[in-house]
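Working notes, structure below.
The values are calculated or read from the model by the stated rules, or taken from the named source; none is laboratory data. This is a predicted model, so every value here is computed, not measured. As a convention, Cβ positions derive from the backbone with ideal geometry for all residues, glycine included, and neighbour counts pool all protein chains shown. Just the protein is used for accessible areas: all its heavy atoms, side chains included, with ligands, DNA and RNA removed. Shrake-Rupley method; radii C 1.70, N 1.55, O 1.52, S 1.80 Å.
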Amino acid sequence: MEIDEAIRGCEDRRLQTKYNNATSVIQRALALYPIEEVAFSFNGGKDSTVLLHLLRAGYFLHKVGQNSAAANGDVKDFPIRIIYFESPSAFPEINSFTYDTAATYGLQIDTIRLDFKSGLETLLKDKPIRAIFLGVRMGDPTAVGQEQFSPSSPGWPPFMRVNPILDWSYRDVWAFLLTCKVKYCSLYDQGYTSIGSIYDTVPNSLLSIINSSNKFKPAYLLSDGRLERAGRVKRKSSAGGQLTADSNGLDVHKNSTLTASIIAVGDEILFGIVEDQLGPYLCRKLGSIGWSVLHCSVVHNNIDSVAEEVERQKSKTDMVFIYGGVGPLHSDVTLAGIAKAFDVRLAPDEEFEEYLRYIIGDQCIGDRNEMAQLPEGITELLHHDKLAVPLMKCQNVIILNATNISEMEKQWDCLVELTKSSDLLTLLEPFISKHMTTNLSDVEVAQPLSKLCLEFPDLYIGCYRKARYGSLIISFKGKDQARLELAIKALQNKFKSGAFLEIKKDD
């Protein structure tokens, strides 16, 4: 069998291990279910193409196990039912590739022209299918919480989802396709790295050829597999229906405001052993890009404490920034807490593990580095040349590993640089601050300030004292310089001349 021979003849030991594990899952499924009770959902994409050939190899090995005479030849028939959900929004190249592949390998395809759930309901009513092979990989939106064998979700038709390539990386997929020299959809040679519909997919800009308009390198040259979905897009509501790169769902006007919360993880802060300087720094930096910080908190080095706070904040604000508790120590529980907050498990991430091995070398002991256990299916690595270790993003939670101001400054600068190329944070108009100081008492200014807040609801107007008995400082914050000046003037007009003096610099 040509696939089995190609893998066993290559020198890529990692690929051989992935192949052996995947075909073992396939053989196990074929031993558990009669052949007429299994099906394969093929969609023409790269992952699905890999699974097709793994199924061919797995079925061959299954037959060899049943009949030793088959080891001397090839298994010509491929009786596993193939189902293809044909969509009017699919790329023509995907449809062509699917039917050409069926003709090449003699596949019998059941074409279904309904949505996936409705199509399965119809199919399972007519056919005795109990298990369906799926080309789902960790990192796919539908992969969260799945195992190699996972029952269908509540509300869906009952069947067993079989995921032989669940733990495969982007690199593994392309290593297999190129090693086995099998044909794949032509779109991947045009810069497409993750193909959805014609309405939400464009070539990955990371593969664009410099000084060449509309030309892209092939998908297998993408250096960071974590960015394979950078070609997934959303349609703007403006005239013309342009497709633009997805910016984390934050479709906002430049002058509007996005909200953030900041979580520090550390008993040393709660016990008063150290003073937290990173939270205030992040507050200032977020204001400098137009974001409004709605909440700052400090939680114990405890998985449940982290999970509960992340759970609260991730639904209340557009982005959560969390720092502390990341590393190899027993008190470093942040990643586990985040995984619990999103109801996923911590799972080995082979790409991150290899990255760590490169950085810390011999200090990485054992077959599995515990630091490479990341929240399953939701973790995106944020690589930057200036960072020794990549930052991480789990949906709308950004994990920073800084332990001091110097490290935080570097990581923030890298985040902003990454934002300029990927809309990671969305840069808005910065907040402008002005501060006035006065020797007037709190009682004297209380009522006029209350009225001023009603007159200028678009501004933040606050009061504080720098020292216990020092002068009162009144802070004005907003995005419109003219409005700030107008509010300050209105306050000054409520009192005698010279009652307020402007502080030129933020303190």
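Considering the stretch 2-20, and only residues there that are among the acidic types (Asp, Glu) and in contact (Cβ under 8 Å) with a residue 60 or more places away in the chain, the residue that is least open to solvent (accessible area, probe 1.4 Å) turns out to be Asp12. Being more than 26 Å from Ser292 (Cα to Cα), surrounded by fewer than 16 Cβ atoms within 10 Å (Cβ to Cβ) and free of Cβ contacts under 8 Å to residues at least 40 places away in the same chain is a property that holds for Gly470.
Quick check on this structure: which one of Ile322, Ile289 is open to solvent by less than 20 Å² (accessible area, probe 1.4 Å) and in contact with a Pro (Cβ under 9 Å, 6 or more places away or on another chain)?
Exactly one of Ile322, Ile289 is open to solvent by less than 20 Å² (accessible area, probe 1.4 Å) and in contact with a Pro (Cβ under 9 Å, 6 or more places away or on another chain), namely Ile289.
Just one of the listed residues (Val293, Val320, Val333) is modelled with pLDDT of 95 or more and in contact with a helix residue (DSSP H, G or I) (Cβ under 8 Å, 6 or more places away or on another chain), and it is Val320.
When the stretch 176-208 is examined, which residues are found to be touching a strand residue (DSSP E or B) at 6+ places or on another chain (Cβ under 9 Å), in contact (Cβ under 8 Å) with a residue 40 or more places away in the chain, open to solvent by 30 Å² or more (accessible area, probe 1.4 Å) and assigned to a helix (DSSP H, G or I)? Ser205, the sole residue that qualifies.
Just to verify a result, which residue in the stretch 80-119, among those that are part of a helix (DSSP H, G or I) and polar (S, T, N, Q), is farthest from the chain's Cα centre (by Cα)? Among those residues, the one meeting the criterion is Thr104. Kindly establish whether Asn439 is more than 20 Å from Asn493 (Cα to Cα), open to solvent by 10 Å² or more (accessible area, probe 1.4 Å) and in contact (Cβ under 8 Å) with a residue 12 or more places away in the chain. No. Kindly check whether there is at least one residue in the stretch 363-372 that is open to solvent by less than 10 Å² (accessible area, probe 1.4 Å) and modelled with pLDDT of 85 or more. No: zero hits.
Output the number of residues of the stretch 130-143 satisfying the condition of being assigned to a loop (DSSP other than H, G, I, E, B) and in contact with a Phe, Trp or Tyr (Cβ under 6 Å, 6 or more places away or on another chain). Going through the stretch 130-143 one residue at a time, the tally reaches 2. When the stretch 415-430 is limited to residues that are in a loop (DSSP other than H, G, I, E, B) and open to solvent by 50 Å² or more (accessible area, probe 1.4 Å), the one that is modelled with the lowest pLDDT turns out to be Asp423.
Results for (1) open to solvent by 10 Å² or more (accessible area, probe 1.4 Å); (2) modelled with pLDDT under 95; (3) within 27 Å of Ser118 (Cα to Cα), shown as yes or no for each residue.
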position: Ala22; (1), (2), (3): no, no, no
position: Ala39; (1), (2), (3): no, yes, yes
position: Val64; (1), (2), (3): yes, yes, no
position: Tyr84; (1), (2), (3): no, yes, yes
position: Ala90; (1), (2), (3): yes, yes, yes
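Restricting attention to the stretch 111-157 and to residues that are open to solvent by less than 50 Å² (accessible area, probe 1.4 Å) and charged (D, E, K, R), the residue that is modelled with the highest pLDDT turns out to be Arg137.
When the stretch 299-316 is filtered for residues that are within 20 Å of His330 (Cβ to Cβ), part of a loop (DSSP other than H, G, I, E, B) and open to solvent by 50 Å² or more (accessible area, probe 1.4 Å), the ones remaining, listed by number, are His300, Asn302. Would you confirm whether or not the stretch 380-399 contains a residue that is surrounded by 15 or more Cβ atoms within 10 Å (Cβ to Cβ), of a type outside the set (Asp, Glu) and at positive phi? Yes - at least one qualifying residue is present in the stretch 380-399.
Each row is one residue, and each column tells you yes or no for (1) under 41 Å from the mean Cα position of the chain (by Cα); (2) at pLDDT 90 or above; (3) open to solvent by 30 Å² or more (accessible area, probe 1.4 Å).
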position: Lys477; (1), (2), (3): yes, yes, yes
position: Leu484; (1), (2), (3): yes, yes, no
position: Ile488; (1), (2), (3): no, yes, no
position: Ile503; (1), (2), (3): no, no, yes
position: Asp507; (1), (2), (3): yes, no, yes
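Just checking, which of Ala175, Ala143 is at negative phi and either among the aromatic types (Phe, Trp, Tyr) or within 21 Å of the chain's Cα centre (by Cα) (or both)?
Ala143
If you go through the stretch 450-467 and keep only what is more than 40 Å from the chain's Cα centre (by Cα), open to solvent by less than 70 Å² (accessible area, probe 1.4 Å) and closer than 18 Å to Ile503 by Cα, you end up with just Ala467. If the condition is being buried (at least 20 other Cβ atoms within 10 Å of the Cβ) and either of a type in the set (Gly, Ala, Ser) or assigned to a helix (DSSP H, G or I) (or both), then the stretch 209-224 contributes only Ala219.
Just one of the numbered conditions (1) in a helix (DSSP H, G or I); (2) open to solvent by 70 Å² or more (accessible area, probe 1.4 Å) is not true of Lys496: (1). Go through the stretch 401-414 and report how many residues are part of a loop (DSSP other than H, G, I, E, B) and either basic (Lys, Arg) or surrounded by fewer than 16 Cβ atoms within 10 Å (Cβ to Cβ) (or both). Residues meeting the conditions: 2.
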